[in-house]
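Asks: Mind looking over this structure? Questions follow.
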Amino acid sequence: MSRRVLGHSVPLALLLAAALTTPAPATGQYTVSALKFTIQAGSRSCTIDADLYRPSGVERAPAVLTTNGFGGSKSDGSTDATARAFAQRGYVSLAWSGLGFGRSGCLISLDDPGIDGTAASALIDFLGGRRAADDGTRADFVTLDGPGDPRVGMIGGSYGGAIQLATAAVDHRVDALVPMITWNDLAYALAPNNATRGGSVPGAFKWQWANGFYLIGESQPLTEVNLDPSRINSLGCLHFVTEACDTVRTLNSGSFPAARTAELLDYSRSVSPVSYLRRVKAPTLLIQGQADSLFNLNEATATYKTLKVQGTTARMIWQSGGHSGGLTDPAAGELNLVQGNLETSYVGRRVLAWFDRYLHGQRNVDTGPGFAYYRDWITDPNGTYATADHLPVLSQKLYLSGDGKLVDNSRKVTPGSRSYSNRLVPTSHSESSLYGALGLPDPAPYDTAGTYADWTSAPLPRTLDVVGAPKVTLEVSSPKAERTQDSGDAADKLVLFAKIYDIAPNGTKTLAHRLVAPVRVPDVTKPFTVTLPGVVHRYEKGHRLQFVIAASDDAYFGNRGIKPVTVVSAPGRAGVLELPVAGR
């Protein structure tokens, strides 16, 4: 049954199921109809719950598909607001509750292309006129590129971002994608190992984020009564596919035997864009958040680089807000559909231009530069974004000297060593992962004496704008780890956490967006390189950089057993920190 809507409240929070209710101005009339679709997703038949937003007075129009973030539904703030915003602008919008969420059936399968992507493809069949909704409704009002081929784009954040890539991998009728704050590799997102060549070695389990989402999924009966039977797996794993439950349980066990670990990594990657991006051909505008310890900027960068190399049209924007903050309370001038500012925000204008070009076919529309990033040190909301044709390269080197200094020339390195040891409980804090999402206060980052090593630069003679992912090459000594690292269980390898603080002249320390680089060292007898999370941060003149290796971090699982570590420095044999500095 349809109801007439005149562009009323448009809430937005591209984060889980958060919802806001500030009204946005109407720009067009549309009707909303609730629809059901019975589909086959993998081995199960289930129902998709959807809402169709049809602009009034338009005979045919391109379509926009959108779905919820993890734990949400078609009716939550972000999904509903997105569908309304585009319906107001003349697009046919179809919003649906992802499989296992809201009133849709089937199990939660982590945006698996063969399950979730196939389900979304059935919705494209509907938009293209190939199938009807369960009540007989047919979409004969969508612009077609050919029989059964609708002109369709997709937009959404987080879980609603990865589904776009999964869908485009199995259905090449998708014409444009706008994935926001989403992942490239779930194996990296859930248990990141930032050591180069550490891909076959699981990293440090991001237990707060992972278990938070697992509990959201398993607690669906508390939020949705009378669940579709297709959403029940077994008593051992209620609402996820079995492989997802097994992954979380293995991570929580703290034990990573080789065979089980390979299976774990293979499954996580099989449902991640890293495994199927080669099949994605739709033009893709990637939008990632700087304040995001769940899916950091490195995730979008990996996707962007892969798409570019294979010839898929791609652009990338690093906005300010991500899962760790800035979505429900965006910075001035940032995209905020609660305020209806698609036309007046930088990111909003880029999204509209993307769809104008690839859905409306306006080939003369400028879709913007290859790369753009938000700068929080700029006070004018109209000038916060810088643009470039490519990401900055690693252009400045600093060396880890034996006296604890971070020096700008290898000849300034003095012989010496820095040592630390972990304890049986975490002694360093970067962030409490879900606090930002829930709006709760979080203690400032800290490290406990004796459980970290640090190297500090001289006061900077000029401002330094770091844009991208710093890298550090390290060589450590840990006889205890050396004796255990080949036990056959990756949990016996050395774990450490690398990070860079900004120290102000008054001693105040800032950890940019509270981001750290967890590392499970593949082999402590060999040098290794660590890629830190990408940041956009200005180190002001007079400030100092402090590079830290910490033994633990309470947002992650750390070392099994006590493993003392020493870092030895000497001329010609010192750790090297490389920074991607903008403008060089």
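The values are calculated or read from the model by the stated rules, or taken from the named source; none is laboratory data. Computed from a predicted structure; not experimentally measured. All Cβ positions, even for glycine, are placed from backbone atoms using ideal geometry, and neighbour counts span all protein chains on display.
Asks: Taking the criterion of being among the hydrophobic types (A, V, I, L, M, F, W, C), in contact with a strand residue (DSSP E or B) (Cβ under 7 Å, 6 or more places away or on another chain) and modelled with pLDDT under 95, would at least one residue in the range 395-412 satisfy it?
Replies: So far as the range 395-412 goes, no, none of its residues is among the hydrophobic types (A, V, I, L, M, F, W, C), in contact with a strand residue (DSSP E or B) (Cβ under 7 Å, 6 or more places away or on another chain) and modelled with pLDDT under 95.
Asks: Working only within the range 28-80, note down all residues that are more than 29 Å from the chain's Cα centre (by Cα), hydroxyl-bearing (Ser, Thr, Tyr) and part of a loop (DSSP other than H, G, I, E, B).
Replies: SER56
Asks: Being more than 19 Å from ALA555 (Cα to Cα) and either at pLDDT below 90 or assigned to a helix (DSSP H, G or I) (or both) is the requirement here; does ALA262 meet it?
Replies: Criteria met by ALA262.
Asks: Would it be correct to say that LEU285 is part of a strand (DSSP E or B), within 27 Å of ALA169 (Cβ to Cβ) and touching a residue at least 24 places away in the same chain (Cβ under 8 Å)?
Replies: Spelling it out, LEU285 is indeed part of a strand (DSSP E or B), within 27 Å of ALA169 (Cβ to Cβ) and touching a residue at least 24 places away in the same chain (Cβ under 8 Å).
Asks: Cβ-Cβ under 9 Å, sequence separation 6+ or interchain: first residue in the range 541-568 and more than 29 Å from GLY212 (Cβ to Cβ), partner of a type in the set (Asp, Glu). Which pairs?
Replies: HIS543/ASP502; ARG544/ASP502; LEU545/ASP502; GLN546/ASP454; GLN546/ASP502; PHE547/ASP454; VAL567/GLU475; VAL568/GLU475
Asks: Residues to consider are GLY542, GLY534; find the one that is under 28 Å from LYS412 (Cα atoms) and touching a Gly at 6+ places or on another chain (Cβ under 9 Å). Spell out the reasoning first.
Replies: On the way: GLY542 fails: touching a Gly at 6+ places or on another chain (Cβ under 9 Å).
Among GLY542, GLY534, only GLY534 is under 28 Å from LYS412 (Cα atoms) and touching a Gly at 6+ places or on another chain (Cβ under 9 Å).
Asks: In addition: I need every pair where a residue in the range 368-382 that is assigned by TED's automatic domain parsing to the domain that holds ALA300 and of a type in the set (A, V, I, L, M) has its Cβ under 6 Å from the Cβ of a residue that is assigned to a loop (DSSP other than H, G, I, E, B) and buried (at least 16 other Cβ atoms within 10 Å of the Cβ), sequence separation at least 6 or different chains.
Replies: Here the result reads ILE378/THR384, each pair linking the range 368-382 to a residue that is assigned to a loop (DSSP other than H, G, I, E, B) and buried (at least 16 other Cβ atoms within 10 Å of the Cβ).
Asks: Could I ask something else about it? Against the condition buried (at least 20 other Cβ atoms within 10 Å of the Cβ) and among the hydroxyl-bearing types (Ser, Thr, Tyr), how does THR167 come out, does it pass? Outline the logic, then answer.
Replies: On the way: buried (at least 20 other Cβ atoms within 10 Å of the Cβ): yes; among the hydroxyl-bearing types (Ser, Thr, Tyr): yes.
Taking the combined requirement at face value, the residue satisfies it.
Asks: For the subset of the range 505-519 comprising residues that are more than 18 Å from PRO470 (Cα to Cα) and of a type outside the set (Lys, Arg), which member is surrounded by the fewest Cβ atoms within 10 Å (Cβ to Cβ)?
Replies: Of everything passing the filter in the range 505-519, ASN506 is surrounded by the fewest Cβ atoms within 10 Å (Cβ to Cβ).
Asks: Counting residues that are without any contact (Cβ under 8 Å) to a residue 40 or more places away in the chain and assigned by TED's automatic domain parsing to the domain that holds ALA81, which strands (runs of 3 or more DSSP E) fully inside the range 92-174 reach at least 2?
Replies: 144-146
Asks: On to the next question. On the given criteria, is GLY156 on the phi > 0 side of the Ramachandran plot and either surrounded by 24 or more Cβ atoms within 10 Å (Cβ to Cβ) or in contact with a strand residue (DSSP E or B) (Cβ under 9 Å, 6 or more places away or on another chain) (or both)?
Replies: Yes; evaluated as a whole, the condition is true for this residue.
Asks: Looking only at residues that are under 15 Å from SER104 (Cβ atoms), in contact with a Leu (Cβ under 8 Å, 6 or more places away or on another chain) and crowded, with 16+ Cβ neighbours inside 10 Å in the range 218-240, which one is modelled with the lowest pLDDT?
Replies: Here the residue is GLN220.
Asks: If I ask for residues that are surrounded by fewer than 17 Cβ atoms within 10 Å (Cβ to Cβ) and either in contact with a helix residue (DSSP H, G or I) (Cβ under 9 Å, 6 or more places away or on another chain) or of a type in the set (Ser, Thr, Tyr) (or both), which ones from the range 250-274 would you list?
Replies: Matches in the range 250-274: ASN252, SER253, GLY254, SER255, PRO257, ALA258, ARG260, GLU263, ASP266.
Asks: Using the structure shown, decide if ALA512 is out of contact with any helix residue (DSSP H, G or I) (no Cβ under 6 Å at 6 or more places or on another chain) and either modelled with pLDDT of 95 or more or within 21 Å of GLN208 (Cα to Cα) (or both).
Replies: Yes, satisfied.
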